[in-house]
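J.: Please find one structure pasted underneath; my questions will follow.
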Amino acid sequence: MATKFVIEGLKAEIEGKEILKGINLEMNGGEIHAIMGPNGTGKSTLASALMGHPKYEVTEGSATLNGEDVLEMGVDERALAGLFLAMQYPSEIAGVTNSDFLRSAINARRGEGNEISLIKFIRQMESSMKGLEMNPEFAHRYLNEGFSGGEKKRNEILQMMMLDPKVVILDEIDSGLDIDALRIVANGVNEMKNEDRGFLIITHYQRLLNYITPDFVHVMMQGRIVKSGGPELAARLEQDGYDWIKEELGITDETVGQEQEA
Amino acid sequence: MTLQTILPVQAAQIKEWAEARGEAAWLTERRLQALELAASLELPKPEKTKLDRWDLSAYGAFKSVAKTASREELPAATKEFIEEGTHNLIVQHNSGVVYTELSEELRAKGVIFTDLETAAREHEVLVKKHLGTAVKTSEHQVSALHYAAWTGGVFLYVPKNVELEVPLQAVFLTDDASATFAPHILVVADANSRVTYVDNYVSTGLDGKVLHNGVVEVIALDGAKVQYATVHQFGKEVTDLSYRRALLSNDADIEWIVGEMNDGDTIADTATSLNGNGTHSDAKIIAIGSGTQKLNFTTRAVHFGKSSESDMFTRAVMREEAQSIINGITKIEHGATKANGQQTEKVLMLSPAARGDANPILLIDEDDVMAGHAASVGKVNPEQVYYLMSRGISKTDAERLIIYGFLAPIIAEIPLELLRTRLQRIVERKLGQ
Ligand SMILES: Nc1ncnc2c1ncn2[C@@H]1O[C@H](COP(=O)(O)OP(=O)(O)OP(=O)(O)O)[C@@H](O)[C@H]1O
Ligand SMILES: [Mg+2]
């Protein structure tokens, strides 16, 4: 079945403060959507609300993946349904090795009695790590513990590659990456591109989009998507910044919660 | 009027039992003196724990046991801990040691590995010299009663310059509630020797209460290196009082690795006296509390020697209604210049009804030293649970991974592979999985 992910009227709050004020977005398998926007406009909140972070409360709207509302599901069920979020700030978990963690995640998908053989898993992990030019020792390191910013991002992509999700959300996967790593990570994403998989890429910079060409570009301000377009929109933002959009829409402060009350 | 303490063991019994064992007179004499002392001593006073409210009476009576030469005949509960290729093994079943094995190779090197009762007969000079030097009879009523009533036990002697690669192992089983269960372990590592010793404490099928009043003494002479790993996993019928103490001469080294996995109430005190210069002590403890257990774990390092170093590291997980007090005591005496004592206690709380008190205590009587402590009591981090769940891992499995991760750095240090995998299973059981 071709993947279809539809977000409708999504509103979410954190600690009683409304951050997302009605997000609408439709994404099909094979498409790459970029979300851009100034700091503090709700991009990570959108990603977290979709994944089900316990701090965010969805107050309205739906997010359906092939007809099923993921917002009704637990975090693990969302992942099993095919959602994947590469986080802006991945957690560090001491004492749990990267490989034990990944094997648990893969086995959670495969279900009891159908666990992946150790040999097969190691082979799969080694080949994915090789593709990302990760030192093999990272398999045995504790999950993200003491990883550099760029190493954490690469490790997020490693997980994406091994978990084979349908909807991939990348939250600033390019931040903290050096020039070579940016290319490697972008290659990883491009290799994963297929008709069944959609990508939602949150980024501040055109440079990532030089490698991964988006089909659609959306701009977020004040907890809403305020403008959508094609790849040319990202190019314009790179050149001119956000002021022209703010002018066009009459926004003085783009961050959430700063808009004038009526 | 003086208040007469009523002791759980009587002199007449001590004499009768000693006779039944054919014990040397000097040892019986020491037992009787210890018993007399016990009447005038007070109970130990572990931080924030009122031992006088505990039932510490279940000493039982000495019952002689039949020795066996065959491993097959050992109780099943002990067999599962015995590493396949082990040829250096002691098994105690209730009041006495039932099985002793020492490889020809080690025997030829002059290693002694036998039950302490036999050692007191056959190696009187050595035993007399060291028994009771690390944990003193006079410390408190519990230690005095131990020296009056101990049975079975282990004596391990490693001669000068002998370095042993393979770990020596012992297993202690209590399954008869009417039998005394109070082993004494005495390890003497002579100058520049090196040894690893591993033991397990287990109980099965008890139909009444048992008090385990156990003492471990490690004497590491100049330049000796001792690694001591122990796992306690008594059922809830057993109250465990365990005092472990190492004495280090110049340049000696002890590493304690302790798994506190009992289901019953426990007082465990693991201490090192860094007497010599250039000594080093390392203690790693993991503990899991469950049910309504009352637990008091102390690690202690006392520095006398110059440039002596100690590290203490405790990680404890408390679930259900377990109540635990976790103490780390670093004491640096005057004159122990350039000493360095570090300690960390971390407690993970899995239930609001559980209690975990971490008390780091630094007592320092010398200026030219380094010392540090860190203590934390916390819950499973919800951000971490979210992260793992976002990869499809269930909440239960996510928490399990995090809890294991919390204990993993210590489990990884266990020197026997079988014990390591066993411990993993014990941890699972203790965590209710
Ligand atoms: N716990 C919180 N309490 C109050 N406000 C919060 C909380 N967490 C986030 N916010 C606010 O929500 C708004 C949106 O944050 P979000 O992280 O979604 O922004 P972003 O668009 O991802 O920004 P950036 O580009 O800097 O990553 C910000 O104003 C932020 O301060
Ligand atoms: Mg963000």
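J.: Multiplying the sequence separation of B:Glu320 and B:Glu165 by 0.36 nm and subtracting their Cα-Cα distance, what value in nm do you get? Write out the running numbers ahead of the final one.
T.: Details: separation 155, 0.36 × 155 = 55.80 nm, distance 4.10 nm.
Extending this stretch completely gives an extra 51.7 nm.
J.: Once the Cα atoms of the range A:113-262 are picked out, what are the Rg and Dmax in Å?
T.: 18.7, 62
J.: When N is the residue count of the range A:49-126, what does its C-alpha Rg come to as a fraction of 2.2 N^0.38 Å?
T.: 1.31
J.: How far apart, in nm, are two points set 7 Å out from the Cα along the Cα-to-Cβ line at A:Asn114 and at A:Asn28?
T.: Calculated label separation equals 2.9 nm.
J.: Can you give the angle from 0 to 90° between the axis of helix A:231-240 and the longest principal axis of chain A, with both taken from C-alpha atoms, to the nearest 10?
T.: Taking the Cα atoms of chain A, the angle to A:231-240 is about 70 degrees.
J.: Taking Cα atoms of the range B:65-179, Rg/Rh with Kirkwood Rh, to two decimals?
T.: 0.98
J.: Amide H neighbours of B:Ser310 under 5 Å, at least 5 residues apart or on other chains, H built in the peptide plane: list them.
T.: B:Ser281, B:Asn340, B:Gly341, B:Gln342
J.: Does the range B:312-433 come out rounded, prolate or oblate by the C-alpha gyration tensor, with a ≥ b ≥ c the root eigenvalues, rounded set by a/c under 1.5 and, if not, prolate when a/b is larger than b/c and oblate if not? Working shown, then result.
T.: On the way: a/c = 2.34, a/b = 1.92, b/c = 1.22.
It comes out prolate by the Cα gyration axes.
J.: Considering just Cα atoms, how many Å³ per residue does the convex hull of the range B:11-275 enclose?
T.: Here the figure is 121 Å³ per residue.
J.: Roughly how many nanometres apart are two label points built 7 Å out from the Cα toward the Cβ at A:Glu60 and B:Ser178?
T.: Once both label points are built, they end up 7.8 nm from each other.
J.: When only alpha-carbon atoms are used, what values of Rg and Dmax, in angstrom, describe chain A?
T.: Final numbers for Rg and Dmax: 18.5, 62 Å.
J.: While we're looking at this one, here's another question. Report the label-to-label distance for B:Glu105 and A:Arg236 in nanometres (one decimal), using points 7 Å from each Cα along the Cα→Cβ vector.
T.: 7.9 nm
J.: Using the alpha-carbon centroid of each, what span in Å lies between the range B:135-154 and the range B:255-313?
T.: So the separation of the two Cα centres works out to 19 Å.
J.: Quick one: if the Förster radius is 22 Å, what FRET efficiency do A:Thr252 and A:Asn39 give, using the C-beta to C-beta distance and rounding to 0.05?
T.: Numbers: r = 16 Å, r/R0 = 0.71.
In this case the efficiency is close to 0.90.
J.: Would you mind checking the range B:141-155 for residues with the amide N under 13 Å from a putative spin-label position 7 Å along Cα→C-beta of B:Val125?
T.: Those under the cut-off are none; the list is empty.
J.: The range B:114-132 to the range A:141-168: how many Å between their Cα centroids?
T.: What the calculation gives is 59 Å, centre to centre.
J.: Additional query: Calculated FRET efficiency, B:Glu42 and A:His140, Cβ-Cβ r, R0 41 Å, to nearest 0.05?
T.: Calculated value: 0.20.
J.: Here is a follow-up. What relative contact order, as a whole-number percentage, does chain A give when Cα pairs under 8 Å and 6 or more residues apart are counted?
T.: 28 percent
J.: Okay, next question. When N counts the residues of the range B:381-433, how does its alpha-carbon radius of gyration compare numerically with 2.2 N^0.38 Å, as a ratio?
T.: 1.26
J.: Taking the Cα atoms only, what angle lies between the long axis of helix A:149-163 and the longest principal axis of chain A, rounded to 10 degrees?
T.: The helix A:149-163 is inclined about 70 degrees to chain A.
J.: Further question: Return the value, in Å² to the nearest 100, of accessible area buried between chains A and B (probe 1.4 Å, both sides summed).
T.: About 1900 Å² of accessible surface is lost on pairing.
J.: What's the center-to-center distance, using Cα atoms, between the range B:51-94 and the range A:209-248 in Å?
T.: 74 Å
J.: Would you list the membrane-span-like helices of chain B, meaning whole DSSP H runs whose alpha-carbon atoms span at least 18 Å along their axis and whose mean Kyte-Doolittle value is at least -0.5?
T.: For chain B, where a helix must reach 18 Å along its axis and average at least -0.5, the hits are B:25-40, B:395-411.
J.: Let me ask something else about it. Of all DSSP beta bridges in the protein assembly as shown, what percent run antiparallel (nearest 5)?
T.: Around 20 percent antiparallel, to the nearest 5.
J.: To the nearest 0.05, what FRET efficiency results for B:Ser138 and B:Thr396 with a Förster distance of 41 Å applied to their C-beta separation? Provide the component values of the computation, followed by the final result.
T.: Working: r = 50 Å, r/R0 = 1.22.
Given R0 = 41 Å and the Cβ-Cβ separation, E is 0.25.
J.: Take the solvent-accessible surface of the protein heavy atoms, probe 1.4 Å, and return the percent of it on the protein assembly as shown that carbon and sulfur atoms account for.
T.: Heavy-atom surface of the protein assembly as shown belonging to carbon and sulfur, 1.4 Å probe: 47 percent.
J.: Rounded to the nearest 500, what is the 222 nm mean residue ellipticity of chain A from helices alone, with -39500 (n - 2.57) per DSSP H run of 4+ residues and division by all residues?
T.: Counting only the DSSP helices, I get -11000 deg cm²/dmol.
J.: While we're looking at this one, here's another question. At a temperature of 25 °C and a viscosity of 0.890 mPa s, determine how fast the protein assembly as shown diffuses translationally according to Stokes-Einstein, using the Kirkwood radius over alpha-carbon pairs as Rh; express D in µm²/s, rounded to the nearest whole number.
T.: 85 µm²/s
The values are calculated or read from the model by the stated rules, or taken from the named source; none is laboratory data. Small disclaimer: the values here were computed from a predicted structure and weren't measured. Using ideal geometry, Cβ is built from the backbone for each residue, glycine included, and neighbour counts are taken over all protein chains shown. Just so you know, the surface numbers come from the protein's heavy atoms only, side chains and all, with ligands and any DNA or RNA stripped out. Shrake-Rupley method; radii C 1.70, N 1.55, O 1.52, S 1.80 Å.
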